[in-house]
1. Residues that are surrounded by fewer than 11 Cβ atoms within 10 Å (Cβ to Cβ): list the helices (runs of 4 or more DSSP H) wholly contained in the range 12-122 that include at least 3 such residues.
């Protein structure tokens, strides 16, 4: 019975004509988020060192504005992308696992009900 359900499920998925490119895009956005996070931290540290290395107030403000603040913006954007796509992957995996467990439980209940039915018909 379970093999029939798997075959039916596979045929239904084939009829949907889904494209697999979405997972590829999500993976790249996850990598982009991680790279943005790393680049933002590096840029913020670099901007902080540049600002502390000069005594001219105008240069300090310029280094803080271009280095540190842009770095912090990259950190925030990178973190948001990374968390969003990490959670999406986890939730998709969790949902597939949950569906599989429920189908297995349904198969066990059906088997138990058939066993009860055969015992009652004797």
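Here, each number is a calculation from the coordinates, and none is a lab measurement. These numbers come from a predicted model, not from an experiment. Positions of Cβ are generated from backbone atoms using ideal geometry, with glycine treated the same way; all protein chains shown enter the neighbour counts.
1. Numbers: elements: 21-52, 57-63, 70-121.
Hits in the range 12-122: 21-52, 70-121.
Residue by residue, here is whether (1) over 30 Å from residue 5 (Cβ atoms); (2) under 12 Å from the mean Cα position of the chain (by Cα) holds:
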site	(1), (2)
31	yes, yes
36	yes, no
40	yes, no
44	yes, no
50	yes, no
59	yes, no
72	yes, no
77	yes, no
99	no, no
